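The values are calculated or read from the model by the stated rules, or taken from the named source; none is laboratory data. Since the structure is predicted, the reported quantities are computational estimates derived from the model, not experimental observations. Because the Cβ atoms are built from the backbone with ideal geometry, glycine has one as well, and the counts that use them run over all protein chains shown.
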Amino acid sequence: MASNLKSAAVTLRHVAEEAGVSIRTVTRMLKNEPGGNPETYARVRKIADRLGYVPNVAARNLKIRSSNMVGLVTSAGGNEMRIRIRIALQKRLEGAGKYFISGMIERGGEKLERMLRDWSGLARDVVFLTWPHELNPAEILTGLPMRFIFVDCLDDRARDVVLIDRVAGVRAGAQLLIKTGHRRIARCGPDMPTRRMGFNAAFEDKAGAGVIKCEITTSGIGPKEGYDAGPAIMKKAVDAVFFETDSLALGFYKYAHERGIRIPDDIAVVGFNDNPAGLYACPALSSVALPIEAMAGEVCDMIVKPQKKPRKVTFPARFVRRESV
(Lines give C-alpha, C1' and ligand atoms only; values in the text may rest on other atoms or scores of the structure.)
Protein backbone atom coordinates (compact mmCIF):
# COMPACT_ATOMS: atom_id res chain seq x y z
CA MET A 1 0.00 0.00 0.00
CA ALA A 2 2.83 2.38 0.86
CA SER A 3 4.42 2.14 -2.59
CA ASN A 4 1.11 2.82 -4.33
CA LEU A 5 0.21 5.79 -2.15
CA LYS A 6 3.65 7.38 -1.89
CA SER A 7 3.22 9.45 -5.02
CA ALA A 8 -0.56 9.82 -4.69
CA ALA A 9 -2.63 11.97 -2.35
CA VAL A 10 -2.53 10.13 0.96
CA THR A 11 -5.40 11.22 3.22
CA LEU A 12 -6.27 10.87 6.89
CA ARG A 13 -8.69 8.12 5.88
CA HIS A 14 -5.84 6.04 4.39
CA VAL A 15 -3.84 6.37 7.63
CA ALA A 16 -6.87 5.59 9.78
CA GLU A 17 -7.76 2.45 7.78
CA GLU A 18 -4.18 1.21 7.90
CA ALA A 19 -3.95 1.83 11.66
CA GLY A 20 -7.42 0.49 12.45
CA VAL A 21 -8.52 3.64 14.27
CA SER A 22 -10.90 6.52 13.56
CA ILE A 23 -10.01 9.58 11.49
CA ARG A 24 -10.58 11.69 14.62
CA THR A 25 -8.00 9.63 16.50
CA VAL A 26 -5.44 10.04 13.70
CA THR A 27 -6.05 13.80 13.58
CA ARG A 28 -5.64 14.15 17.34
CA MET A 29 -2.46 12.13 17.46
CA LEU A 30 -0.80 13.80 14.45
CA LYS A 31 -1.46 17.13 16.17
CA ASN A 32 0.29 15.85 19.33
CA GLU A 33 -2.84 16.44 21.40
CA PRO A 34 -2.61 14.96 24.93
CA GLY A 35 -4.62 12.04 26.24
CA GLY A 36 -3.88 9.43 23.60
CA ASN A 37 -2.39 6.00 24.15
CA PRO A 38 1.42 6.30 23.65
CA GLU A 39 1.66 2.97 21.81
CA THR A 40 -1.21 3.90 19.47
CA TYR A 41 0.33 7.32 18.90
CA ALA A 42 3.67 5.77 17.91
CA ARG A 43 1.95 3.30 15.59
CA VAL A 44 -0.13 6.03 13.88
CA ARG A 45 2.91 8.25 13.37
CA LYS A 46 4.91 5.35 11.94
CA ILE A 47 2.13 4.44 9.52
CA ALA A 48 1.68 8.09 8.46
CA ASP A 49 5.41 8.35 7.75
CA ARG A 50 5.47 5.08 5.83
CA LEU A 51 2.51 6.06 3.66
CA GLY A 52 3.97 9.49 3.02
CA TYR A 53 1.02 11.36 4.50
CA VAL A 54 1.21 15.14 3.90
CA PRO A 55 -1.07 17.30 6.08
CA ASN A 56 -3.31 19.51 3.94
CA VAL A 57 -4.91 21.59 6.69
CA ALA A 58 -2.65 24.53 5.89
CA ALA A 59 -3.42 24.20 2.21
CA ARG A 60 -7.14 24.52 2.93
CA ASN A 61 -6.98 27.26 5.54
CA LEU A 62 -4.08 29.32 4.19
CA LYS A 63 -4.60 28.94 0.46
CA ILE A 64 -3.82 32.57 -0.34
CA ARG A 65 -0.87 32.90 2.03
CA SER A 66 0.74 29.65 0.91
CA SER A 67 2.09 31.15 -2.32
CA ASN A 68 3.84 33.90 -0.33
CA MET A 69 5.98 31.54 1.77
CA VAL A 70 9.31 30.06 0.63
CA GLY A 71 11.09 27.34 2.55
CA LEU A 72 14.84 27.74 3.08
CA VAL A 73 17.01 24.81 4.17
CA THR A 74 20.58 25.29 5.32
CA SER A 75 23.04 23.64 7.72
CA ALA A 76 23.75 24.41 11.36
CA GLY A 77 27.36 25.37 10.65
CA GLY A 78 26.75 27.47 7.56
CA ASN A 79 29.50 29.45 5.87
CA GLU A 80 30.11 32.95 4.63
CA MET A 81 28.78 32.31 1.13
CA ARG A 82 25.54 30.77 2.39
CA ILE A 83 24.96 33.65 4.78
CA ARG A 84 25.48 36.19 2.00
CA ILE A 85 23.26 34.38 -0.52
CA ARG A 86 20.57 34.02 2.14
CA ILE A 87 20.59 37.75 2.86
CA ALA A 88 20.60 38.66 -0.84
CA LEU A 89 17.82 36.17 -1.61
CA GLN A 90 15.71 37.34 1.32
CA LYS A 91 15.90 40.94 0.09
CA ARG A 92 14.90 39.89 -3.44
CA LEU A 93 12.00 37.75 -2.27
CA GLU A 94 10.64 40.32 0.15
CA GLY A 95 10.68 42.79 -2.71
CA ALA A 96 8.49 40.32 -4.59
CA GLY A 97 6.14 39.93 -1.61
CA LYS A 98 7.47 36.56 -0.44
CA TYR A 99 8.90 35.50 2.91
CA PHE A 100 11.07 32.73 4.36
CA ILE A 101 10.36 29.89 6.70
CA SER A 102 13.65 28.20 7.49
CA GLY A 103 15.02 24.94 8.79
CA MET A 104 18.30 23.07 9.12
CA ILE A 105 19.48 19.77 7.72
CA GLU A 106 20.74 17.25 10.23
CA ARG A 107 22.21 13.81 9.71
CA GLY A 108 19.74 11.35 8.22
CA GLY A 109 16.83 12.05 5.93
CA GLU A 110 13.93 11.17 8.24
CA LYS A 111 13.88 14.53 10.07
CA LEU A 112 14.29 16.41 6.82
CA GLU A 113 11.37 14.59 5.19
CA ARG A 114 9.17 15.21 8.22
CA MET A 115 10.08 18.92 8.23
CA LEU A 116 9.18 19.24 4.56
CA ARG A 117 5.85 17.53 5.15
CA ASP A 118 5.11 19.99 7.93
CA TRP A 119 5.78 22.79 5.45
CA SER A 120 3.28 21.41 2.95
CA GLY A 121 0.58 23.97 2.29
CA LEU A 122 2.71 26.75 3.73
CA ALA A 123 5.58 26.77 1.24
CA ARG A 124 5.10 26.15 -2.45
CA ASP A 125 8.86 26.42 -3.10
CA VAL A 126 11.81 25.21 -1.04
CA VAL A 127 15.38 26.43 -1.57
CA PHE A 128 18.29 24.26 -0.44
CA LEU A 129 21.57 26.02 0.35
CA THR A 130 23.07 22.72 1.42
CA TRP A 131 22.41 19.03 0.78
CA PRO A 132 24.16 16.04 2.41
CA HIS A 133 25.64 13.99 -0.41
CA GLU A 134 24.78 10.74 1.36
CA LEU A 135 21.07 11.46 0.90
CA ASN A 136 19.20 10.61 -2.31
CA PRO A 137 16.88 13.52 -3.20
CA ALA A 138 14.57 11.23 -5.19
CA GLU A 139 13.88 9.11 -2.11
CA ILE A 140 13.13 12.09 0.12
CA LEU A 141 11.49 14.63 -2.19
CA THR A 142 9.36 12.50 -4.51
CA GLY A 143 5.66 12.88 -3.74
CA LEU A 144 6.01 16.12 -1.78
CA PRO A 145 3.83 18.92 -3.20
CA MET A 146 6.54 21.58 -3.54
CA ARG A 147 9.07 22.68 -6.11
CA PHE A 148 12.69 22.35 -4.96
CA ILE A 149 15.63 24.56 -5.92
CA PHE A 150 19.25 23.62 -5.18
CA VAL A 151 21.71 26.50 -4.81
CA ASP A 152 25.36 25.50 -5.24
CA CYS A 153 24.97 22.26 -3.33
CA LEU A 154 23.72 19.56 -5.70
CA ASP A 155 23.38 19.06 -9.45
CA ASP A 156 20.01 17.33 -9.83
CA ARG A 157 18.57 17.10 -13.34
CA ALA A 158 15.05 16.71 -11.98
CA ARG A 159 15.11 20.02 -10.07
CA ASP A 160 15.93 23.68 -10.64
CA VAL A 161 19.64 24.18 -9.96
CA VAL A 162 21.87 27.26 -9.60
CA LEU A 163 25.63 26.60 -9.56
CA ILE A 164 28.89 28.56 -9.31
CA ASP A 165 31.84 27.99 -11.64
CA ARG A 166 34.64 28.68 -9.15
CA VAL A 167 37.32 27.34 -11.48
CA ALA A 168 37.00 30.28 -13.90
CA GLY A 169 37.62 32.92 -11.22
CA VAL A 170 40.57 31.11 -9.64
CA ARG A 171 42.18 30.52 -13.04
CA ALA A 172 41.86 34.23 -13.90
CA GLY A 173 43.49 35.23 -10.60
CA ALA A 174 46.39 32.82 -10.97
CA GLN A 175 46.86 33.84 -14.60
CA LEU A 176 47.21 37.46 -13.57
CA LEU A 177 49.91 36.53 -11.07
CA ILE A 178 51.79 34.81 -13.88
CA LYS A 179 51.29 37.67 -16.35
CA THR A 180 52.52 40.25 -13.84
CA GLY A 181 55.87 38.47 -13.63
CA HIS A 182 55.62 36.25 -10.57
CA ARG A 183 57.71 33.14 -11.02
CA ARG A 184 57.17 31.18 -7.81
CA ILE A 185 53.51 30.97 -6.77
CA ALA A 186 51.94 29.05 -3.89
CA ARG A 187 48.38 27.90 -3.28
CA CYS A 188 47.56 27.95 0.43
CA GLY A 189 44.56 26.32 2.12
CA PRO A 190 42.91 22.99 3.04
CA ASP A 191 42.87 21.79 -0.61
CA MET A 192 39.45 22.59 -2.00
CA PRO A 193 39.05 20.75 -5.35
CA THR A 194 37.62 23.62 -7.43
CA ARG A 195 40.32 26.02 -6.19
CA ARG A 196 42.99 23.44 -7.02
CA MET A 197 41.55 22.86 -10.50
CA GLY A 198 41.45 26.58 -11.31
CA PHE A 199 44.92 27.19 -9.92
CA ASN A 200 46.47 24.33 -11.89
CA ALA A 201 44.64 25.35 -15.08
CA ALA A 202 46.44 28.70 -15.08
CA PHE A 203 49.80 26.94 -15.48
CA GLU A 204 48.66 24.99 -18.54
CA ASP A 205 48.94 28.07 -20.75
CA LYS A 206 52.17 28.98 -22.51
CA ALA A 207 52.68 31.90 -20.13
CA GLY A 208 52.84 29.46 -17.22
CA ALA A 209 55.80 27.54 -18.64
CA GLY A 210 58.75 27.72 -16.29
CA VAL A 211 56.72 29.19 -13.42
CA ILE A 212 57.09 27.17 -10.24
CA LYS A 213 53.93 26.31 -8.31
CA CYS A 214 53.72 24.80 -4.85
CA GLU A 215 51.09 23.96 -2.25
CA ILE A 216 50.88 24.80 1.44
CA THR A 217 48.16 22.90 3.30
CA THR A 218 46.31 24.37 6.28
CA SER A 219 43.98 22.71 8.75
CA GLY A 220 41.26 25.35 8.39
CA ILE A 221 40.13 28.41 6.46
CA GLY A 222 40.25 31.14 9.11
CA PRO A 223 42.66 34.00 9.83
CA LYS A 224 44.53 32.00 12.47
CA GLU A 225 45.42 29.31 9.93
CA GLY A 226 46.52 32.02 7.50
CA TYR A 227 48.73 33.58 10.14
CA ASP A 228 50.17 30.21 11.16
CA ALA A 229 50.97 29.42 7.52
CA GLY A 230 53.34 32.39 7.38
CA PRO A 231 56.56 30.50 8.20
CA ALA A 232 55.86 27.80 5.59
CA ILE A 233 55.07 30.44 2.97
CA MET A 234 58.30 32.33 3.59
CA LYS A 235 60.33 29.11 3.70
CA LYS A 236 59.11 28.33 0.16
CA ALA A 237 60.53 31.70 -0.95
CA VAL A 238 57.47 32.40 -3.11
CA ASP A 239 56.71 35.80 -4.60
CA ALA A 240 52.92 35.32 -4.76
CA VAL A 241 50.26 33.35 -2.87
CA PHE A 242 46.72 32.37 -3.78
CA PHE A 243 44.79 31.78 -0.54
CA GLU A 244 41.69 29.60 -0.71
CA THR A 245 39.72 32.09 1.42
CA ASP A 246 40.00 35.79 2.16
CA SER A 247 40.15 34.98 5.87
CA LEU A 248 43.35 32.99 5.31
CA ALA A 249 44.82 35.87 3.32
CA LEU A 250 43.93 38.45 5.99
CA GLY A 251 45.52 36.26 8.65
CA PHE A 252 48.73 36.27 6.60
CA TYR A 253 48.46 40.07 6.34
CA LYS A 254 49.02 40.29 10.08
CA TYR A 255 51.99 37.89 9.93
CA ALA A 256 53.54 39.96 7.12
CA HIS A 257 52.93 43.26 8.91
CA GLU A 258 54.63 42.06 12.09
CA ARG A 259 57.76 41.08 10.13
CA GLY A 260 58.01 43.96 7.74
CA ILE A 261 57.04 41.86 4.69
CA ARG A 262 55.62 44.22 2.08
CA ILE A 263 52.47 43.34 0.11
CA PRO A 264 52.63 43.32 -2.91
CA ASP A 265 56.28 44.46 -3.23
CA ASP A 266 57.77 41.40 -1.53
CA ILE A 267 54.88 39.01 -2.06
CA ALA A 268 51.60 39.38 -3.94
CA VAL A 269 48.42 38.05 -2.30
CA VAL A 270 45.10 36.87 -3.75
CA GLY A 271 42.13 35.59 -1.76
CA PHE A 272 38.78 33.95 -2.46
CA ASN A 273 35.19 34.97 -1.53
CA ASP A 274 35.57 38.76 -1.86
CA ASN A 275 34.92 39.33 1.83
CA PRO A 276 34.00 43.01 2.36
CA ALA A 277 36.77 43.22 4.99
CA GLY A 278 39.34 42.68 2.26
CA LEU A 279 38.28 45.89 0.53
CA TYR A 280 39.32 47.89 3.61
CA ALA A 281 42.56 46.03 4.32
CA CYS A 282 45.87 47.76 3.63
CA PRO A 283 46.57 47.10 0.84
CA ALA A 284 43.09 46.23 -0.46
CA LEU A 285 42.90 42.49 -1.07
CA SER A 286 42.55 41.10 -4.59
CA SER A 287 40.01 38.30 -4.55
CA VAL A 288 37.76 35.94 -6.48
CA ALA A 289 34.22 37.28 -6.16
CA LEU A 290 31.21 34.98 -6.10
CA PRO A 291 28.10 35.97 -8.12
CA ILE A 292 25.87 36.37 -5.06
CA GLU A 293 23.46 38.98 -6.43
CA ALA A 294 23.13 37.24 -9.81
CA MET A 295 22.37 33.93 -8.08
CA ALA A 296 19.80 35.52 -5.79
CA GLY A 297 18.13 37.12 -8.79
CA GLU A 298 17.99 33.80 -10.67
CA VAL A 299 16.54 31.90 -7.70
CA CYS A 300 13.93 34.62 -7.19
CA ASP A 301 13.05 34.38 -10.89
CA MET A 302 12.67 30.60 -10.63
CA ILE A 303 10.21 31.11 -7.78
CA VAL A 304 8.25 34.04 -9.20
CA LYS A 305 8.25 32.79 -12.82
CA PRO A 306 8.30 28.99 -12.59
CA GLN A 307 8.69 26.88 -15.71
CA LYS A 308 7.55 23.33 -16.37
CA LYS A 309 11.02 22.02 -17.20
CA PRO A 310 13.79 22.18 -14.57
CA ARG A 311 16.36 24.91 -15.17
CA LYS A 312 20.11 24.66 -14.62
CA VAL A 313 22.03 27.95 -14.52
CA THR A 314 25.76 28.29 -13.84
CA PHE A 315 27.37 31.61 -12.93
CA PRO A 316 31.15 32.07 -13.22
CA ALA A 317 33.10 33.54 -10.32
CA ARG A 318 35.17 36.57 -11.35
CA PHE A 319 38.56 37.84 -10.32
CA VAL A 320 38.72 41.35 -8.81
CA ARG A 321 42.17 42.95 -8.88
CA ARG A 322 43.03 45.38 -6.11
CA GLU A 323 46.21 46.71 -4.47
CA SER A 324 47.60 43.35 -3.23
CA VAL A 325 48.81 42.36 -6.73
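Of all residues in region 228-264, those being in contact with a Gly (Cβ under 7 Å, 6 or more places away or on another chain) and farther than 22 Å from VAL320 by Cβ number 1.
So in region 250-272, with the set limited to residues that are farther than 17 Å from LEU176 by Cα and touching a strand residue (DSSP E or B) at 6+ places or on another chain (Cβ under 9 Å), which one is surrounded by the most Cβ atoms within 10 Å (Cβ to Cβ)? Break it down into steps so the answer makes sense when it comes.
Kept after step one, since they are farther than 17 Å from LEU176 by Cα, are these residues of region 250-272: 250-262.
From the residues that got through so far, the ones that are touching a strand residue (DSSP E or B) at 6+ places or on another chain (Cβ under 9 Å) too are 250-253, 256.
Values: LEU250: 21, GLY251: 24, PHE252: 27, TYR253: 24, ALA256: 19.
Among those residues, the one meeting the criterion is PHE252.
Take the residues of region 178-195 that are touching a residue at least 12 places away in the same chain (Cβ under 8 Å) and within 26 Å of the chain's Cα centre (by Cα): which is surrounded by the fewest Cβ atoms within 10 Å (Cβ to Cβ)? Walk me through how you get there before you give the answer.
Filtering region 178-195 down to residues touching a residue at least 12 places away in the same chain (Cβ under 8 Å) leaves 178-180, 182-192, 194-195.
Narrowing further to those that are within 26 Å of the chain's Cα centre (by Cα): 187-192, 194-195.
Working: ARG187: 24, CYS188: 26, GLY189: 26, PRO190: 14, ASP191: 11, MET192: 17, THR194: 17, ARG195: 24.
Top of the filtered list is ASP191.
Looking across region 86-139, just one residue is surrounded by 13 or more Cβ atoms within 10 Å (Cβ to Cβ) and either assigned by TED's automatic domain parsing to the domain that holds ALA48 or at positive phi (or both), and that is GLY121.
Residues that are surrounded by fewer than 17 Cβ atoms within 10 Å (Cβ to Cβ), among the hydrophobic types (A, V, I, L, M, F, W, C) and over 15 Å from GLY181 (Cβ atoms) within region 197-211 comprise just one, MET197.
Can you tell me which residue in region 184-227 is modelled with the highest pLDDT, limited to those that are of a type in the set (D, E, K, R) and touching a Phe, Trp or Tyr at 6+ places or on another chain (Cβ under 8 Å)?
Taking region 184-227 as the starting set, the residues that turn out to be of a type in the set (D, E, K, R) are 184, 187, 191, 195-196, 204-206, 213, 215, 224-225.
Now narrow it down to the ones that are touching a Phe, Trp or Tyr at 6+ places or on another chain (Cβ under 8 Å): 187, 195, 213.
On the way: ARG187: 97, ARG195: 94, LYS213: 94.
Residue satisfying both the conditions and the ranking: ARG187.
So, of the residues in region 226-249 that are of a type in the set (D, E, K, R) and over 23 Å from the mean Cα position of the chain (by Cα), which turns out to be surrounded by the fewest Cβ atoms within 10 Å (Cβ to Cβ)? Reasoning before the result, please.
Our first condition is that a residue be of a type in the set (D, E, K, R); within region 226-249, this holds for 228, 235-236, 239, 244, 246.
Those still in the list that are over 23 Å from the mean Cα position of the chain (by Cα) too: 228, 235-236, 239.
Values: ASP228: 17, LYS235: 9, LYS236: 17, ASP239: 18.
Here the residue is LYS235.
For VAL54, the conditions (1) surrounded by 14 or more Cβ atoms within 10 Å (Cβ to Cβ); (2) at pLDDT 80 or above all hold with the exception of (2).
Can you pull out the residues in region 121-139 that are charged (D, E, K, R) and free of Cβ contacts under 8 Å to residues at least 40 places away in the same chain? Explain how you work it out, then say what you get.
Let us first name the residues in region 121-139 that are charged (D, E, K, R), namely 124-125, 134, 139.
Listed by number, the residues that qualify are GLU134, GLU139.
All of (1) farther than 30 Å from LEU89 by Cβ; (2) touching a residue at least 24 places away in the same chain (Cβ under 8 Å) hold for ALA296 with one exception: (1).
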